[in-house]
Amino acid sequence: MNEALKVKVKSTNLNLWYGEKQALKGIDLDIYENKITAFIGPSGCGKSTYLRCLNRMNDLISSVNIKGKVEIDGHDIYAPGVDEVAVRRKVGMVFQQPNPFPKSIYDNIAYAPIMHDMVKKGKECDELVERSLKSAGLWEEVKDKLHEPGTALSGGQQQRLCIARTIAVEPDVILMDEPTSALDPISTQIIEALMVELKERFTIIVVTHNMQQAARVADHTAFFHLGDLIEYGETEQIFVNPKEQKTEQYITGKFG
């Protein structure tokens, strides 16, 4: 791998259990700044569990036990005294199903920045809403209906609204858990193009069941299987010349 790449997110010997069941086994992984990294692998392989470790979403599950280290910009996000809410502001998340708040399009974007005292109501907030919607490629479609409910938009538009909402709090890292699996092919194409644009400003990590999607958008790809990280490398190398037999079998459809 190119030495000039800057490591943004690093996990060292990360293990996670749901009760007695171990879901992640000693994951060592460096994720690079301003790149798109895709996690692929069959259902239940640990990729979404690992993704949720990166913004401490698994803390919300009482049966979870985590050991190991996750660092963002060299700071261990599991160190004692770290505020998980601050972590989640730094690491935004876009979910599989679009989940706009039951508020207007405007308030979906403005709510968190106002809550976090990032902007004041009025012109400053208006500019942030416009900037965020433009970044998510949605402004032209919604600029005349900002005070209509976000839930009235189409599925693809709702997902872009959720991306705009995530961008509005200026995170460093954006996690996307199967962001297009509920969308039609045209909406999927729009969001993939958007991801490639957004990596100029953010580090993006995406879990996808769609291997073609990983091949299209990701700079690096990690293949998980049964809680192990089997292989990680530049996307082209993973798809064209995988080093591990298990990776090759998964990519060619022999299991999954």
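Here the chain carries DSSP beta bridges of which approximately 60% are antiparallel, counting only pairs with both residues inside.
In this structure, the amide hydrogen of residue 225, modeled 1.01 Å from its nitrogen in the peptide plane, lies closer than 5 angstrom to those of 230, counting only residues at least 5 positions away or on a different chain.
Summing Lys and Arg as +1 and Asp and Glu as -1 over all other residues whose Cβ lies under 13 Å from the Cβ of residue 28 gives a net charge of -1.
Let me have the 222 nm mean residue ellipticity of the chain computed from DSSP H runs of 4+ only, each contributing -39500 (n - 2.57), with the sum over all residues rounded to the nearest 500.
-10000 deg cm²/dmol
Legend: distances between Cα atoms for 10/134; 121/143; 90/199; 103/134; pairs beyond 21 Å are 10/134. Over the chain, what percent of the accessible surface lies on carbon and sulfur atoms, probe 1.4 Å? Carbon and sulfur: 49 percent of the exposed surface of the chain. The phi torsions of the stretch 154-169, fed into the Karplus equation with coefficients 6.51, -1.76 and 1.60 and a -60° offset, translate into couplings of 5, x, x, 5, 4, 5, 5, 5, 5, 5, 4, 4, 5, 5, 4, 8 Hz, rounded to whole numbers, with Gly and Pro shown as x. Label reach from residue 228 (point 7 Å along Cα→C-beta): in the stretch 37-62, amide nitrogens under 19 Å belong to 39-50. Here the Gaussian network model covers the chain, with springs between Cα atoms less than 10 Å apart; of 246, 103, 21, 21 fluctuates the most.
Per-residue 3J(HN,Hα) values for the stretch 222-234, derived from phi via the Karplus relation 6.51 cos²θ - 1.76 cosθ + 1.60 with θ = phi - 60°, read 10, 9, 9, 8, 6, x, 9, 8, 7, 7, 9, x, 5 Hz in sequence order (x marks Gly and Pro). Normalised per residue, the accessible area of the chain is 47 Å², obtained with a 1.4 Å probe and no contribution from ligands, DNA or RNA.
Please give the length that would be gained between residue 79 and residue 244 if that part of the chain were fully extended, namely 0.36 nm times their separation in residues minus their C-alpha to C-alpha distance (nm, one decimal).
Result for the pair: 56.0 nm of gain on full extension.
Residue by residue, the stretch 88-103 carries 3J(HN,Hα) couplings of 6, 6, 6, 10, x, 9, 10, 9, 5, 8, x, 9, x, 5, x, 9 Hz when phi is fed to the Karplus relation 6.51 cos²θ - 1.76 cosθ + 1.60 (θ = phi - 60°); x denotes Gly or Pro. Residues whose amide H lies under 5 Å from that of residue 24, counting only those 5 or more places away or on a different chain, are 16; hydrogens are built 1.01 Å from N in the peptide plane.
The values are calculated or read from the model by the stated rules, or taken from the named source; none is laboratory data. Note that the coordinates shown come from a computational prediction; the quantities given were computed from them, not determined experimentally. Cβ: placed from backbone, ideal geometry, glycine included. Neighbour counts: every protein chain shown. All accessible areas refer to the heavy atoms of the entire protein, side chains included, with ligands and DNA or RNA removed. Shrake-Rupley method; radii C 1.70, N 1.55, O 1.52, S 1.80 Å.
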